[in-house]
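Notes to accompany the following structure.
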Amino acid sequence: MTSTVTSTATAAGPFAVPVTAERLRRDLRALGVRAGQTLLVHASLSRVGPVAGSARSVVAALRDVLGPHGTLVVPAGTADNSDTSPLHLEAIRGMTAEEIARFRAGMPAFDPETTPSTGMGRIAEEVRTSPGAVRSAHPQTSFAAVGRLASCLMDGHAPDCHLGEASPLARLYDAGASVLLLGVGFDRCTAFHLAEYRYTSAPPRRLYRCVVDFGRGPEWWEYEDVVLDDGDMGRLGADFDSTGKVRRGRVGHARSFLFPVAAAVDFATEWFALHRSTLEYGIPGATLT
């Protein structure tokens with residue numbers, strides 16, 4: 001006779017099983033995260049599963065595994081500080097010209113100390129607001145970090161360089177950092193964008209606008225930088241995943257990937273050179289800001 005008794009976890013699905021801090025630490029080490037690493041993390045808390053303590057526990061587990069000599073880095077971008085981003089365009093949808101003008105005039109200037117990140121997730125926000133966290137100063141694509149190298153990695157993020165040589169990404173590349181995609185796909189891999197500055201001597205450029213305060217009060221500021229286009233990042237990521245340079249596993253319930261920043265950027269630089277052309281990408285497709 002077949003038993004009809006079913007465990008609670010099976011009946012309610014795998015996410016009924018709480019994820020403990022001990023399990024998070026064990027899973028991170030099994031994936032390859034090590035003490036002393038510098039780690040750029042893109043994460044989805046909901047994909048990790050129900051965690052006692054929520055995002056704070058995940059960040060604590062990451063810092064425990066990295067140890068006192070490690071550094072934890074997250075994107076802390078504010079794409080809504082723009083008048084061309086999808087977030088901004090959605091916010092003004094249906095407004096009259098007069099209403100849009102009032103909305104723009106009322107947008108606050110970016111403040112690295114207080115401006116929340118937008119769309120980066122609860123884990124990134126937990127890092128940004130952690131005691132001792134350091135945030136880079138870019139008004140649209142900042143990063144935040146805690147740990148031994150936080151200050152030197154975040155320092156000097158030029159306001160007219162989103163994700164290029166004058167950004168924390170270039171310093172992460174030089175520091176031998178790794179990327180952890182925690183429950184998200186390769187289309188969320190910010191490191192690939194550094195390759196957009198490197199795959200050609202003259203990458204496509206465009207104008208960006210955002211609200212800043214350079215000591216004169218809030219003002220709209222316009223600058224030129226490289227086109228950021230994530231429209232082909234999924235295909236790029238799939239090809240990179242097949243190189244053997246990516247470690248795969250689960251952290252909690254989240255499918256996760258771990259790989260060196262340098263390997264990802266170098267591969268993407270060659271991939272873009274083969275798959276992109278200046279003509280094709282002269283007008284941005286799926287721009288980020």
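Values quoted throughout were computed directly from the atomic coordinates according to the rules given, and no laboratory measurement underlies them. Note that the structure is predicted; figures quoted are calculated from it, not measured. Glycine also receives a Cβ, built like all others from the backbone with ideal geometry; neighbour counts cover every protein chain displayed.
Summary table
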read-out	value
Full-extension gain in nm, Leu207 to Ala91, via 0.36 nm per residue minus C-alpha separation	39.7 nm
Restricting region 202-252 to trypsin sites (Lys or Arg not before Pro) in coil, as DSSP defines it, with at most 13 other Cβ within 10 Å	Arg216
Gain upon complete extension [Ser46, Ala60; 0.36 nm per residue less C-alpha separation]	3.4 nm
Spin-label pair Arg250/Glu113, simplified geometry with 7 Å Cα→Cβ offset, distance in nm	4.5 nm
Loop sites in region 195-230: chymotrypsin sites (Phe, Trp or Tyr not before Pro), DSSP, at most 15 other Cβ within 10 Å	Phe214
Residue among Arg93, Arg255, Arg128 with the largest mean-square fluctuation in a Gaussian network model of the chain, springs linking Cα atoms under 10 Å	Arg93
Separation between Cα centres of region 176-222 and region 93-158, rounded to whole Å	13 Å
